[in-house]
Each structure stands twice: as structure tokens, then as C-alpha cells.
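Bear in mind these aren't lab numbers, they're just calculated from the coordinates by the rules spelled out. From a predicted model like this one, the values you see are computed outputs, not experimental measurements. Glycine also receives a Cβ, built like all others from the backbone with ideal geometry; neighbour counts cover every protein chain displayed.
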Amino acid sequence: MKALTLAIVLVLPLAAGPLLAAGSGNETAPEKPKCEDGQVYDKKTKTCVDAQDSRLDMDSLYETVRELAYAGRYADAQVVLAEMPQDDDRTLTYLGFTHRKMGQTDLAMGYYQRALAVNPANVLARSYMGQGFVAEGKVADAMEQLKAIRAHGGSGTWAEASLRQAIATGQTFSY
């Protein structure tokens, strides 16, 4: 794995209440120690390790990306994403999310489309894409993503609920 060039601090003070995570839509962000610059938290050793440590599993890196992105640290999340498999639908989903939050909607939509080409059942990519459509005033396109989320078994997940609420209110989510 290429060495990360930007310092990563894993844990930031999080807003009160649980943060729902990617995946099943039911996980919460665990409490972790604050790591020094260039380090991430390793669940196995329960310590902070160098971010480029080849022993880190992909799920730990995705968790790091998710936490950085949900904390509004989109550029930092993109640095970690650059070190990850570029053909993985989770990587593509978070590249889309971070670019959309940085105002690069067209680029974000391309990443979401690539994520869905890899995994059409990626309900998180569909939710984030749908929220992008809501932000652009394309409610019919957002409704198509909501239907697809449900068709892929995503009823009752955070992905479905957040897109449904975004369509109803016009407000999108930052996590």
C-alpha cells in the first residue's frame, strides 16, 4: 500500500446521538482514542498504528474513511480512499459522497454510477446518488433510486429512510 501523505486523525468529537454507518444501515460509530497525525485506530490491537501499515484490514480503512467523511473532512477521506482498491463499490461510493459534499456533483454522480455498475444492490450509493438528485431538484430521479433501494432489499435501512426524508423535505444528509 502506498504511504499516506496527509495526516489522519481518526476520532473527532462526534455529535450527540449515534451516527449510522454504511453497510446494513444499523451500525453506530464506536468511541475510539484520538490518534496522532498519520495514524489510524487498529481494532485488533486496540492501538493507533501508522496509516500505511499493511496489516490494516480493508474494513478498518473503510471505517476510517466513513468517520472522516461524516466529520466533514472530505479531502482527508479522499487521501485514504486513494490508497484503497479503486474498483471496489465502497471506495467508489465514498469517492462520490466526498466529491458531492465538496460541490463536484457531476464527478460524484460518475462515481455513484461506477459503484452501481460493480454492485447494483449498493443501497448506500443509491441513497447518496438520490440525495444528490434531490439537491439538484431532480426529484423524479431521486424517486427512481428510492424504488431501486427497496427493490434491492433496502427497505427499513438508513439508506432508504434518509433518501425518503430528503425527497419529502428537500434536506440532504451529511452522513
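Check each of the trypsin sites (Lys or Arg not before Pro) in segment 72-175 and keep only those in coil by DSSP with at most 15 other C-beta atoms within 10 angstrom; list them in order.
Hits after loop and neighbour filter: LYS138.
Quick check on segment 120-175: what does the Kirkwood estimate of hydrodynamic radius come out to from the alpha carbon pairs, in Å?
10.4 Å
Can you check what the Kirkwood hydrodynamic radius comes to for segment 52-131, Cα pairs only, in Å to one decimal?
About 12.4 Å, per the Kirkwood formula over Cα pairs.
Note down the nm distance, to one decimal, between modelled labels 7 Å out along Cα→Cβ at MET102 and at ASP59.
2.9 nm
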